[in-house]
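Working notes, beginning with the structure itself.
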Amino acid sequence: MRPGDRVRRVMTAAVLFGGLTLGLSGCRHKTQLAPLPPVLTPVALIEIPPMADPPMIEVPQVRLPPIPIAVAAAKPKREHRRTAPKVATAPTTVPAQVASAEPPPEVAAIGALTAGEDANPQTKQEASDLITSTEKRLNGLSAQMVEDEKAQISKVKNFLRDAQDALKSGDAEGAKTLATKAKLLLDDMEK
């Protein structure tokens, strides 16, 4: 390759680059639009009178899905009680005559311990009555309310079922608590 060819190529590339730059940049002159002729005669504005009785548009009834709720908050978790560790006591020797004469002081002070089922039949009856009355109210709801409040009614039924199970197992206090929760949910729905 000769030294002049290299210079010629560089010059050709520079001319092409400059031409492309000018060609792509476009024209820098602004185009002048002819001005519009001025309006010499005034134009009268027409006023449209409002309607005497505009037609009323009826709002369509829309059925919305029930409000979402947190499932975990619907059922309270039961806390487990921790049992105190049993302390081993050293065996003491008590004379036979003293042991048979009077019961140990712990038994006399505490009394007999029971499961609590027979201790308070009134609580059991109150829980049963509350379950029955809530079920009657639930069965007396209108079909429209049952359709609109499916999630809440399901919760009420679950609480009632749990209350009946607790009552059958002998936990009258737990049954009464669950039946009360079902009653309160039903009260909120009927507001």
Quiz prompt | Average Cα contact separation per residue, the stretch 143-191, under 8 Å, 6 or more apart, as relative contact order % | solution = 40
Practice problem: Give me the number: length gained by fully extending residue 141 to residue 180, i.e. 0.36 nm times residue separation minus the C-alpha to C-alpha distance, one decimal in nm. | Solution: 12.2 nm
Exercise. Please give the peptides 143-152, 29-38 ranked by average Cβ packing (other Cβ atoms within 10 Å per residue), highest first, as a rough proxy for protection.
Key: 143-152, 29-38
Practice problem: Take each of the peptides 47-58, 11-22, 171-182, average the number of other beta-carbon atoms within 10 Å over its residues, and list them starting from the highest. | Solution: 171-182, 11-22, 47-58
Exercise. Convert each backbone phi in the stretch 10-17 into a coupling constant with the Karplus relation 6.51 cos²θ - 1.76 cosθ + 1.60 (shift: θ = phi - 60°), then list the ³J(HN,Hα) values in order as whole Hz, x for Gly and Pro.
Key: 5, 5, 5, 5, 5, 5, 4, 5
Quiz prompt | Estimated distance in nm for a label pair at residue 2 and residue 53, the labels positioned 7 Å out from Cα along Cα-to-Cβ | solution = 10.3
Exercise. Lys and Arg at +1, Asp and Glu at -1: add these up for the other residues within a Cβ distance under 12 Å of residue 156 and post the number.
Key: +1
Quiz item: Between the stretch 138-175 and the stretch 1-50, what is the C-alpha centre distance in whole Å?
Solution: 79
Quiz prompt | Span per principal axis, largest first, for the Cα atoms of the stretch 10-72 (Å) | solution = 79, 70, 14
Quiz item: Could you put 6, 161, 137 in order, starting from the residue whose Cβ has the fewest other Cβ atoms within 10 Å?
Solution: 6, 161, 137
Exercise. Step through the residues of the stretch 135-142 one at a time and calculate ³J(HN,Hα) from phi using the Karplus curve (6.51 cos²θ - 1.76 cosθ + 1.60, θ = phi - 60°), rounding each to whole Hz and writing x for Gly and Pro.
Key: 5, 5, 5, 5, 6, x, 6, 6
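All of the numbers you see were taken from the coordinates with simple rules; none came from a lab. Predicted, not measured: the structure shown is a model, and the values here were computed from it. We place every Cβ from the backbone using ideal geometry, glycine too, and count neighbours over all the protein chains shown.
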